[in-house]
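Everything on this sheet refers to the single structure shown next.
The values are calculated or read from the model by the stated rules, or taken from the named source; none is laboratory data. Computed from a predicted model, the values in this text were never measured in an experiment. Here the Cβ is made from the backbone with ideal geometry for all residues, glycine too, and neighbour counts use every protein chain on show.
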Amino acid sequence: MTIHDDTPPLAFEEREFVERLAEHYSPPPMTTAERVGFDESLQTRLVRRRPGPLKSLAVAATVAALGVWFVLHYGSEPDRTGPKGPQALREIAGRRETVGDALLVLALEEPNSLDGNEELPEEYVAISTLLNDG
């Protein structure tokens, strides 16, 4: 397997430094008994952490049940009843809610449902119709 690396190769001094660093900071070699003990403890930890098939099945069933419950409880479509456009923004401002709430109302609106074109000058309306319809 080839790794594509855009970094330039190390200069001679840099390679020497890396080799000296590896030489000084590498752990001492393990004896045979230490190596066997290390391998056994590593294998014990790996086997202990592996979940059984029953546990995996239980997690998958729980996630599926939660997904079904959310869809049945909240539905798949957001509730779009209530005021729309500038009227909704005025109501949010009247309740002193956050700017994030106002942005959420705007994000859930249909693109052409905001009835603000009557307040715009004729030039802006003309440009808007050219850009949106063209």
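Quick notes on this one:
- Hits in region 4-40 - residues which are of a type in the set (S, T, N, Q) and either surrounded by 10 or more Cβ atoms within 10 Å (Cβ to Cβ) or not in a helix (DSSP H, G or I) (or both): THR7, SER26, THR31
- Residue within region 71-90 that is at pLDDT 75 or above, surrounded by 10 or more Cβ atoms within 10 Å (Cβ to Cβ) and not charged (D, E, K, R) present: yes
- Members of region 46-62 found to be assigned to a helix (DSSP H, G or I) and either surrounded by fewer than 10 Cβ atoms within 10 Å (Cβ to Cβ) or in contact with a Cys (Cβ under 8 Å, 6 or more places away or on another chain) (or both), listed by number: LEU46, VAL47, ARG48, ARG49, PRO53, LEU54
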